[in-house]
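Chemist: Handing you this structure, nothing more for now.
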Amino acid sequence: MKGIVFIQFTNMVNEVWGEDMVEDLIEQANLESEGVYTGVGTYCFREMVSLINVLSKISGTPPTDLQKTFGEYLFKQLSLKYPLFLEGKKDLFSFLAAIENTIHVEVKKLYPEAELPSFEYAHPADNVLEMTYRSQRPFADLAEGLLRGAVAHFGEEIALSRQDFPVDKGSKALFRLTK
């Protein structure tokens, strides 16, 4: 995972629980990086899993809820840092449809070693978008949070549902968004 994701996670923890919590979290998570992240660095996704699990233990918040909350926070931060990805997107569906073939392509140009999840799209009706998310990592909850952050950004009335699928490694989920 890119360092920017870890930096944003520790920023969120700092904003919600304070600097002491960030220090406790890094100390207890026993991280290979020792919690020192650069925005362009690449770090093992297991460090994020450790950070989330330790934060869950300390805060009493379930890991799934922490991932979703972080996803919403991350979307907001990334939209501020990379507004060009939102340019020309008139609504949520046009933005989401651009992830796989536009945004991920641009991310790969910036960070060729990035290992991104994939999305497949279906439009069973004009007011429905289905996105099948696949990742080698266990972050479907984070993806849901990012989607919720996008919904909030565009300010549309959207019902979001999710169906998880069993996989040997990582995660796979179908997100159904209905206007």
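All of the numbers you see were taken from the coordinates with simple rules; none came from a lab. All of these numbers come straight from a predicted model, not from anything done at the bench. Positions of Cβ are generated from backbone atoms using ideal geometry, with glycine treated the same way; all protein chains shown enter the neighbour counts.
Chemist: For the chain, what is the charge dipole size about the Cα centre, in debye to the nearest 20, if Lys and Arg each add +1 at the Cβ and Asp and Glu each add -1 at the Cβ?
Modeler: With only Lys, Arg, Asp and Glu charged at Cβ, the dipole is about 540 debye.
Chemist: Here's another thing I want to ask about it. Which loop-located GluC sites (Glu not before Pro) does region 15-99 contain, where loop means any DSSP state but H, G, I, E or B and the Cβ has at most 14 other Cβ atoms within 10 Å?
Modeler: Here the sparse-neighbourhood loop sites are Glu32, Glu34, Glu87.
Chemist: Please report, in cubic angstrom per residue, the volume enclosed by the convex hull of the alpha-carbon atoms of region 3-61.
Modeler: 69 Å³
Chemist: Net charge near Ala114: determine it from the other residues with C-beta under 13 Å of the C-beta of Ala114, scoring Lys and Arg +1 and Asp and Glu -1.
Modeler: Details: positive: Lys2, Lys108, Lys109, Arg137; negative: Glu106, Glu113, Glu115.
Here the count lands on +1.
Chemist: Compute the helix-to-body angle for 19-29: its Cα long axis versus the longest principal axis of the chain, expressed 0 to 90° and rounded to tens.
Modeler: In the chain, helix 19-29 runs at an angle near 80 degrees to the longest axis.
Chemist: Could you quote the convex hull projected area for the chain, Cα atoms only and averaged over all directions, in nm²? Mind showing how you got there, number by number?
Modeler: Values: hull surface 41.3 nm².
Computed as one quarter of the Cα hull surface, the answer is 10.3 nm².
Chemist: Which GluC sites (Glu not before Pro) in region 101-179 sit in a loop by DSSP (not H, G, I, E or B) and have at most 11 other Cβ atoms within 10 Å of their own Cβ?
Modeler: Within region 101-179, the qualifying GluC sites (Glu not before Pro) (loop, at most 11 other Cβ atoms within 10 Å) are Glu113, Glu157.
Chemist: What order do you get for Lys2, Lys172 when you list them from fewest to most C-beta neighbours inside 10 Å? Could the numbers behind the result be given before it?
Modeler: Values: Lys2 21, Lys172 17.
Least to most surrounded, the residues fall as Lys172, Lys2.
Chemist: Residues with beta-carbon under 15 Å from that of Ala143, excluding Ala143: net charge, scoring Lys, Arg +1 and Asp, Glu -1? Numbers along the way, then the final one.
Modeler: Working: positive: Lys68, Arg134, Arg137, Arg148, Arg162, Lys172, Arg176; negative: Asp65, Glu72, Glu100, Glu115, Glu120, Glu130, Asp141, Glu144, Asp164.
In short, -2.
Chemist: May I ask for the percentage of alpha-carbon pairs in region 41-126 that lie more than 17 Å from each other?
Modeler: Values: 2306 of 3655 pairs.
That tail contains 63 percent of the Cα-Cα pairs.
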